[in-house]
Amino acid sequence: MRWYDQSGRHLPWRNLRNPYAIWLSEVILQQTRVDQGLKYWERFLRELPTVQHLASAPESHIKGLWSGLGYYRRADLLHRGAKQIVTDGWPKGYKAWLGVPGIGPYTAAALASIVDGEVVPALDGNAYRVYSRVADWSEPIESSQSKAFIYSFALGHLHPKRPGDFNQAVMDLAQAICTPKKPKCSECPLHDSCAARRAGTAELLPVKSRKLKVVNQDMHFAVPRRGHLFGLIQRPLGGIWSGLYTLPELATVPPEFTPQILEHRLSHRRLKLHFYSEFAGSSEPEIWLTYEEWSARGMPQAFVHWLTNFPYI
Ligand code: SF4
């Protein structure tokens, strides 16, 4: 949120608490660039300053104000939406916004979070790109599995007190920094926490189809041991081996130790794994488990492979 407060775009509706002005901005920007939509938004507010004015305006007036924006069906839906709101009152929350003509899941989530403060992620192509990279999510993004994962990942990261600002921050980040090609990772506020940046896969994500490019990746692991126990950490959600227990991964290679090296193939990665069996790492593992206990919690195949080649059990 610090980045958004300092570097987010200054858009006039962002400082308002007026649901009419915010709803209007979301509808106008559905298929329109901000610089183009801004003058239409100002013109609508000047000529039809409240939802009541919009609802009672003749269709020809609305079409005239909309002229040049294209997708005229949006103008019809806006008019119908205004009439419904005047009759039923302002919607409260995501489900209610979905019931307004012209409002789909993304816009409903954006409005519910901005206007009502509801903690709900607004997910369009831009947001999917950012979240899939931060989580290093490599399944095809259109799949239902991906949609469910990204939804819960985003929900888990939304700011509980500023969900609307958080959704808008993700949009700004997607447009200014986490761009489809050549993302500016060195300027990104998520630089340290982004799993795709660490793995070097940012430009490959989100995956559009199952035709994946394979990337080479080196990973280095300490091997903390206490007799038959292995010292393990739980992997972060989203990245490689999401949520499973592995040996602690090393950010820097300990030069005085010689690793055991193993190659292992995942769907879109060719891993070169370096195990430093003489090096226990510099921080305490989260948990100590026997091989059987580790297996019972879900041991990644790469570690089964390692223990088959270099048994310590
Ligand atoms: S670090 Fe790079 S890939 Fe990750 S969110 Fe930022 S710009 Fe996108």
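The values are calculated or read from the model by the stated rules, or taken from the named source; none is laboratory data. Note that the structure is predicted; figures quoted are calculated from it, not measured. Every residue, glycine among them, receives a Cβ derived from its backbone with ideal geometry; neighbour counts consider all protein chains shown. Calculation scope for accessible area: heavy atoms of the full protein, side chains included, ligands and nucleic acids excluded. Shrake-Rupley method; radii C 1.70, N 1.55, O 1.52, S 1.80 Å.
Here the gap between D218 and N18, fully extended at 0.36 nm per residue and compared with their Cα-Cα distance, gives a gain of 66.8 nm. For the chain, what is the accessible area per residue in Å², given a 1.4 Å probe and the full set of protein chains? Result: 51 Å² per residue. With R₀ set to 41 Å, the beta-carbon distance separating H157 from S60 gives a calculated FRET efficiency near 0.35. Computed on the stretch 1-118, with alpha-carbon pairs under 8 angstrom and 6+ residues apart, the relative contact order is 23 percent. Relative contact order, whole percent, for the stretch 46-191 stands at 17, derived from Cα pairs under 8 Å and 6 or more residues apart.
Tell me the angle of helix 19-28 to the major Cα principal axis of the chain, expressed in degrees between 0 and 90 and rounded to the nearest ten. The angle comes out near 80 degrees.
Across the alpha-carbon set of the chain, the Rg to Rh ratio works out to 1.11, Rh being the Kirkwood radius. If R0 is taken as 30 Å, the Cβ-Cβ distance between S209 and Q31 corresponds to a FRET efficiency of 0.75.
Number of Lys-Lys pairs in the chain with C-alpha atoms under 18 Å apart and a separation of 8 or more places or on different chains: 10. Between E292 and S242, the FRET efficiency from the beta-carbon distance, with R0 = 30 Å, is close to 0.85. The mean sequence distance of close C-alpha pairs (under 8 Å, at least 6 residues apart), as a share of the length of the chain, puts its relative contact order at 13 percent. Between F257 and S144, the modelled labels are 4.5 nm apart [label points 7 Å from Cα along Cα→Cβ].
Against the chain, whose longest principal axis comes from its Cα atoms, helix 73-88 is set at around 80 degrees.
Under the 0.36 nm per residue contour assumption, what length would be gained going from the current alpha-carbon distance of Q6 and Y312 to full extension? Length gained between Q6 and Y312: 105.0 nm. When only alpha carbons are used to place a centre, the stretch 240-313 and the stretch 77-148 end up 40 Å from one another. Quick one: length gained pulling Q52 to Q175 fully straight, 0.36 nm per residue minus the C-alpha distance? Value of the extension gain: 40.9 nm. Solvent-accessible area of the stretch 139-297 (1.4 angstrom probe, protein heavy atoms only): carbon and sulfur portion equals 53 percent.
Leaving ligands, DNA and RNA out of it, report the carbon-plus-sulfur percent of the accessible area of the stretch 1-86 at a 1.4 Å probe. Carbon and sulfur together cover 49 percent of it.
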